[in-house]
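Read-outs throughout are calculated quantities, based only on the coordinates presented, and are distinct from any laboratory measurement. Here the structure is a predicted model, which means the values were calculated and not measured. Glycine gets a Cβ as well: all are built from the backbone with ideal geometry, and neighbour counts include every protein chain shown.
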Amino acid sequence: MSSPTAFLFDLDGTLVDSVYQHVLAWHRSLQRENIQLSVWRIHRKIGMSGGLFTNQLLRELGESVDAATIERLRAGHAEAYIELSAEVAPLPGAIDLLHTLESLDLPWAIATSGRMLTARPNLDALEVDHDKAVIVTRDQVHFAKPDPDLFIEAARRLGTTTQGSYVIGDSIWDMIAAARCGALGIGLLSGGYGRDELERSGALRVYDDPADMLRHLDEIAPRTRD
């Protein structure tokens, strides 16, 4: 018997409109350490784990920092993001999309490279039941995106595999992770990456946002036509 197809969602920029709050939070944290970096460079790394994100940014700057500074940067980002999180709202159609998948008995999970500290306000905005939904955060896997561990663990908890399942995300890091675990990448433009970038990174389909994906759900979930 074949494993069920799962819908494995990224969180920031995919289900909630939070990418730019994360960008500003990182910008503030970097400034506190007297590290000057343009916000557009920060945006290009959103979706990675905090550790990989920090290492890549500092490598671009040609700077070397100690572990204590990196930890302060990560903690500063979390603190600043919590301050901004009241502004975060679900993206159009996000809640309806999750409810529709439930009504069709199509399994779904959320897998985010953020830690639960920063993910919790976003999950609350989505009205996700923490006790019932499958949620995998950076705290729970060894490696974050672009490694596929988050999505592999989410599929495992759903009782299936990533092979033939869908990874839905807004960044190239989501699409790379999908390809690495045999999943089909579905790109959303709601995080700021362009259609061409997502398609070059392996996206099978690209939609504007969750509402647009819901309107075209029959393209990837044929039972919606029944």
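Step through the residues of region 165-182 one at a time and calculate ³J(HN,Hα) from phi using the Karplus curve (6.51 cos²θ - 1.76 cosθ + 1.60, θ = phi - 60°), rounding each to whole Hz and writing x for Gly and Pro.
Computed from phi, the couplings for region 165-182 are 7, 10, 9, 10, x, 10, 10, 5, 5, 5, 5, 5, 4, 4, 4, 6, 10, x Hz.
So what is the relative contact order for region 19-87, in percent, with contacts set as C-alpha pairs under 8 Å and at least six apart?
Details: 56 pairs, mean separation 33.8, N = 69.
Relative CO of region 19-87 lands at 49 percent.
Taking Cα atoms of region 1-117, Rg/Rh with Kirkwood Rh, to two decimals?
Working: Rg = 16.9 Å, Rh = 15.8 Å.
Using only Cα positions, Rg/Rh for region 1-117 is 1.07.
To the nearest 10 degrees, how steeply does helix 116-125 sit against the main Cα axis of the chain, on a 0 to 90 scale?
50
Mind checking the angle between helix 94-103 and the chain's longest principal axis? C-alpha axes, 0 to 90 degrees, to the nearest 10.
Between helix and principal axis, roughly 30 degrees.
Expressed as an acute angle from 0 to 90° and rounded to the nearest 10, what is the orientation of the C-alpha long axis of helix 67-84 relative to the principal long axis of the chain?
Helix 67-84 and the main axis of the chain meet at about 60 degrees.
Kindly list the residues of region 1-42 that lie in the label zone of A89, defined by a backbone N under 16 Å from the point 7 Å along the Cα-to-C-beta vector.
Flagged as within label range: 13-21.
What size of dipole, in debye to the nearest 20, comes out for the chain about its Cα centre when the only charges are +1 on Lys and Arg C-beta atoms and -1 on Asp and Glu C-beta atoms? Display every interim value, and only then the final one.
Values: 22 positive and 33 negative charges, 119 e Å.
That gives a dipole near 580 debye.
Which far-off residues, 5 or more places away or on another chain, put their amide H under 5 Å from the one on I168, with H placed in the peptide plane?
Those qualifying (amide H under 5 Å, at least 5 residues apart or on another chain) are L8, F9, D10, I186.
Measuring from the lowest to the highest alpha carbon on each principal axis, how far does the chain reach, largest first, in angstroms?
Projected onto its principal axes, the Cα set of the chain covers 58, 32, 30 Å.
Can you find, among Q21, I152, G93, the residue farthest towards the positive end of the dipole of the chain? Put +1 on the C-beta of Lys and Arg, -1 on that of Asp and Glu.
Ranked along the dipole, the leading option is I152.
5 Å is the cut-off here: which amide hydrogens, built 1.01 Å from N in the peptide plane, fall below it relative to D209, excluding neighbours closer than 5 in sequence?
It is L189, by chain and number.
Out of all DSSP beta bridges with both ends in the chain, state the antiparallel percent to the nearest 5. Could you put the intermediate results ahead of the total?
Numbers: 1 of 20 bridges.
Antiparallel: roughly 5 percent of the beta bridges in the chain.
Below 8 Å, C-alpha to C-alpha, sequence gap of six or more: please give me the relative contact order for the chain in percent.
Relative contact order for the chain comes out at 26 percent.
Provide the per-residue ³J(HN,Hα) series for region 211-221, in order, calculated from phi with Karplus coefficients 6.51, -1.76, 1.60 and θ = phi - 60°, each as a whole number of Hz, with x at glycine and proline positions.
5, 5, 4, 4, 5, 10, 4, 5, 5, 10, 10
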